[in-house]
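Notes to accompany the following structure.
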Amino acid sequence: MNTSRLITAIGLACTLLISFAAVAQNAATKPATDQPPFPAAQAGKTVKIAVIGDGAARFGPPLEKLLGNGYQVKSFCTNDHSILRTNLRCVWKRYESVKAEAYKPDVFILMFEHAASRPNTWTHDAGRYVGDYKDFIARLKGKVPAAQVYICLPPPLKPDCHYGVNAEQLTKGVLPAIRKVAAETKLPLIDTHTPLTANLDANVGGDGVFPTPEGAELMAAVIYKSLTGKEAPTAATQPAATPPK
């Protein structure tokens, strides 16, 4: 092989190596999800979104307003709603999840869970949390196979929160377990926890548990961006929401 051909061959090999490295890097940084893109609104068809969660999942109305025409968001939430089968108000014993399945949504958005942060609850049931959550997702996919599923981290708790829930247990125990669920199910995880921690007084109410209207709007904006890949529109440019049917 002459010198010019050798140089050409080396250059080609270097180019291929760089290309392979770029592909590998993109694969490593791309979120691990098997889910298709969030459905776009189409003429004559409303994209239905079911929110299942506890009482802190108050982002439904502002999210519907942000999404605008062609989308309908319904909330199937109740206080102390839990993934854990051992909780008396769990999704396995409440009608909210049954109603959500009957709604036949295109998208499920799940937001749990403050209830599991109670120290006694987490001490006894931490080991079953991931399994119960994955079982519930499997149930949803079994009832509505075509539906997409998004998992949200719950909003933060104030250190002096009421109702027996615990801010430290939430951050050190519950949140890592939810992240594990998302990783093992390869479903998108939306961080609606961290943005609210920047201003707890503005975003979380006086009881230290439930988001304020400002906090709910911030969660909606974070979810909107995660779903659509776009920044949430400002109030001046927001499209009108589709009236409920």
Taking 0.36 nm per residue of separation between Lys172 and Lys158 and subtracting their Cα-Cα distance, the length gained on full extension comes to 3.6 nm
Using θ = phi - 60° and the Karplus curve 6.51 cos²θ - 1.76 cosθ + 1.60, what whole-Hz ³J(HN,Hα) does each residue of region 73-90 get, with Gly and Pro shown as x? 10, 10, 9, 10, 10, 7, 4, 6, 4, 9, 7, 5, 4, 7, 7, 5, 10, 7
Would you please give the FRET efficiency between Ala146 and Tyr95, computed as 1/(1 + (r/R0)^6) with r the Cβ-Cβ distance and R0 = 30 Å, to the nearest 0.05? 0.85
Less than 20 Å apart at the alpha-carbon level, and either on another chain or at least 8 residues along: which aspartates and glutamates does that give for Lys48? Glu64, Glu96, Glu101, Asp106, Glu217
Pull up all non-local amide H partners of Cys90: gap of 5 or more, or a different chain, and H-to-H distance under 5 Å with H placed in the peptide plane. Ser82
Taking the dipole about the Cα centre of region 174-215, with the C-beta of Lys and Arg at +1 and of Asp and Glu at -1, give me whichever of Gly215, His193, Val181 is farthest to the positive side. Val181
If you take the square roots of the eigenvalues of the alpha-carbon gyration tensor of region 124-245 and sort them as a ≥ b ≥ c, do you get rounded (a/c under 1.5), prolate (a/b over b/c) or oblate? oblate
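None of the figures in this text is laboratory data; all of them are computed from the coordinates on show. Everything quoted here is computed from the prediction, not taken from an experiment. In this analysis, Cβ positions are derived from the backbone assuming ideal geometry, glycine residues included, and neighbour counts consider all displayed protein chains.
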